[in-house]
1. Cross-link partners among aspartates and glutamates for residue 282, C-alpha distance below 13 Å, same-chain residues fewer than 8 apart left out?
2. Residue 97: which lysines have alpha carbons under 25 Å from its alpha carbon, excluding same-chain residues fewer than 8 sequence positions away?
3. At a 1.4 Å probe radius, carbon and sulfur cover how many percent of the accessible area of the chain?
4. With all protein chains present and a 1.4 Å probe, how do 209, 331, 295 order by accessible area, largest first?
5. Enumerate the residues in the stretch 211-237 having an amide nitrogen under 11 Å from the point lying 7 Å beyond the Cα of residue 252 toward its Cβ.
6. Among 361, 325, 311, whose Cα projects farthest towards the positive end of the dipole of the stretch 311-363, with charges put on the beta-carbon of Lys, Arg (+1) and Asp, Glu (-1)?
7. Can you tell me the equivalent ellipsoid semi-axes for the chain? Use √(5λ) from the Cα gyration tensor, largest first, whole Å.
8. To the nearest 20 debye, what charge dipole does the stretch 41-245 have about its Cα centre, counting +1 at the Cβ of each Lys and Arg and -1 at the Cβ of each Asp and Glu?
Amino acid sequence: MDTYPIGLRREELDTPTLCLDADALERNIARMADFLRARGVGLRPHSKTHKCSTIAWKQLRAGAVGITCAKVSEAEVMAQAGIRDILIANQIVTPHKIARLVNLAAYTEVMVAVEDWANAQALSEAAQAKGVKLRTIIEVDVGMGRCGTAPGEPTLALAQKVLALKGLDFRGLMGYEGHAVMIPDLEARRQAVEAAMRRLLETRDLLLHHSIPVEVVSAGGTGTYQMTSQYQGITDLQCGSYATMDAKYRSVGIDFEPALTVIARVISVRGADHAVIDAGMKALTTEFGLPQVIHPQGWALTRLSEEHGILARQGGDPLSRGDLIEIVPSHGCTTINLHGAYTVLRQGVVEAVWPIAARGCVQ
Ligand SMILES: Cc1ncc(COP(=O)(O)O)c(C=O)c1O
């Protein structure tokens, strides 16, 4: 961002711009923190959503026990901002990334997931060579069919071997129920969470039965936080989207406030029913469906090309060139990754610009 538009009103901003409503963001952060605190469950918010250390620090100040990352490069950005307790909830397998990971462990409390014995050995050797002990949890596949060990005996077998590795400090388990978080029917979602948490907690019990200490049992997403946090034994949740939110999560009944919007402007009109805006696929993503126009009412996006969005009238007043359009992204995590900074507004006036420093950190 070339300019620093503090004090400008939303209507004065150039477009397209990624906007964040500071009041809504702060209320979302406080609401999740208060909810989990009341249940005695920790929160390790996933920073793959916001990719911004300023927001991560707000979450930590609200009581989060640490921050979750998906990638080493993301964790490096958070560490450079002074964040110390970082969970990389992912498999880190290549020598170069392992070297970066143990470098991080030299000055942060990083914790990494493993699912494989050879990988655990490689991590341990690198940690020993660096003179650090790398905190490690085993990722269990609780039904998502992504990464992770099979629950039960295979996880126990890996835990017993990991315990013997001198470079690793075994802390526990994680099991992300990502297949459940967006199930629209609440009862079906509850059943999927029940099955997932049974797999995770029975595995924890098996380890405890074999005298293996399990300090951390981490799970959860924005779509399941109320359900997952009810299970005795879950120590912390890894929710990400709740802070900024998006239209997809709101469509499945998650009612955190839509703090994140993209504002755009009408650049072309044809008759009363067709308008074109200056935001396309380079400002908004569509894998979770088309983004939602929230202002003005009575207009909807029908398609995006690279730099254009096509609007169709659905009962609203006709638009003119230059009109401001406010849009809630369908998927916040991937939309945020398209932008360099948030323009942060309070009551419609720009208060700050926060860099999205981990934007593009996919390594
Ligand atoms: C490992 C892991 N934990 C937690 C989450 C939860 O994120 P959200 O709250 O945005 O659903 C995700 C989302 O992709 C994830 O991959």
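1. Leaving aside aspartates and glutamates fewer than 8 places away in the same chain, those within reach of residue 282 are 306, 307.
2. Answer for residue 97, where 25 Å is the Cα cut-off: 48, 51, 71, 130, 133, 161, 166, listed by chain and number.
3. 49
4. On the way: 209 145, 331 30, 295 95 Å².
Ranked from most to least accessible, the order is 209, 295, 331.
5. 221-225
6. So the residue we want is 361.
7. Numbers: eigenvalues 325, 96, 59 Å².
Listed largest to smallest, the semi-axes of the chain are 40, 22, 17 Å.
8. 600
The values are calculated or read from the model by the stated rules, or taken from the named source; none is laboratory data. Keep in mind the model is a prediction, meaning the values are calculated, not measured. Neighbour counts run over all protein chains shown; Cβ positions are idealised from the backbone, glycine included. The area values use the complete protein model at the heavy-atom level, side chains included, leaving out ligands, DNA and RNA. Shrake-Rupley method; radii C 1.70, N 1.55, O 1.52, S 1.80 Å.
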